[in-house]
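The values are calculated or read from the model by the stated rules, or taken from the named source; none is laboratory data. Predicted model, so just to flag it, every value in this text is computed and none were measured. With ideal geometry, Cβ positions are generated from the backbone for all residues, glycine too; neighbour counts draw on all protein chains shown. The protein model used for the area step is the full one, side chains on, heavy atoms only, and it has no ligands, DNA or RNA in it. Shrake-Rupley method; radii C 1.70, N 1.55, O 1.52, S 1.80 Å.
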Amino acid sequence: MPTSIALIESYYDAFNRGDWEAMLGYLTDDVAHDINQGHRETGLDTFRGFMARMNRCYREQLRDISVMSNADGSRVAAEYVVHGEYLADDEGLPPAHGQRYVLPGGAFFDIRDGRIARVTNYYNLQDWIAQVKGA
């Protein structure tokens, strides 16, 4: 079984390859997903729907990824830089017309039985809005 750090590295590798099914395969069926500055969603199917919206609206790559873990591997944190393109309007956000952005971000994970049981993402939404409005 992979270590928790290797698990998260594999999760992000799948994300960067656009291999959504592989990425989802690292999650528990009851995964909790805390959306940046939003609410919590629960369940693999709900996460799959979130990813469908994200893939419609954004094209992103995560770079400079650093992953760290607590001693027993049950909690993991990651820091990264998002390099993205805003492809289609996302509800409640400025209009999209292919704006590019670079944004630092981070995530926290709970690991259970070798899979990701919680994903909590953080980035500065106001920074992102300023970048896409100014582009």
Normalised by the residues of the range 24-69, what does the relative contact order come to in percent, with Cα pairs under 8 Å and at least six apart?
26 percent
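Please compute one quarter of the surface area of the Cα convex hull for the range 21-78 and express it in square nanometres. Kindly include the intermediate steps, with their values, before the conclusion.
On the way: hull surface 20.4 nm².
Seen from a random direction, the Cα hull of the range 21-78 projects 5.1 nm² on average.
Could you work out how much longer the chain between Asp113 and His39 gets when fully extended? Use 0.36 nm per residue separation minus the Cα distance between them, nm to one decimal.
On the way: separation 74, 0.36 × 74 = 26.64 nm, distance 2.51 nm.
Stretched fully, the Asp113-His39 segment lengthens by 24.1 nm.
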What nm distance separates the two modelled labels at Gln61 and Asn124, each placed 7 Å from Cα along Cα→Cβ?
2.4 nm
Could you give the Stokes-Einstein D for the range 55-99 in µm² per second, using the C-alpha Kirkwood radius, 4 °C, 1.567 mPa s?
103 µm²/s
Per residue, in Å², the accessible surface of the chain once ligands and nucleic acids are set aside, probe 1.4 Å
54 Å²
Checked against the positive end of the charge dipole of the range 65-135 (+1 on Cβ of Lys and Arg, -1 on Cβ of Asp and Glu, about the Cα centre), the farthest of Ile116, Trp128, Pro104 is Ile116
For the chain, which whole percent of the accessible surface, found with a 1.4 angstrom probe, sits on carbon and sulfur atoms?
50 percent
Dipole in debye (nearest 20) - the range 9-129, about Cα centre, beta carbon charges: Lys, Arg +1; Asp, Glu -1:
120 debye
Can you list the residues, at least 5 places off or on another chain, whose amide H is less than 5 Å from the amide H of Arg75, using H built in the peptide plane?
Asn70, Ile111
Whole-Hz Karplus couplings 3J(HN,Hα) for the range 114-125, θ = phi - 60° and coefficients 6.51, -1.76, 1.60, Gly and Pro as x, run x, 10, 7, 9, 8, 10, 10, 9, 9, 7, 8, 4
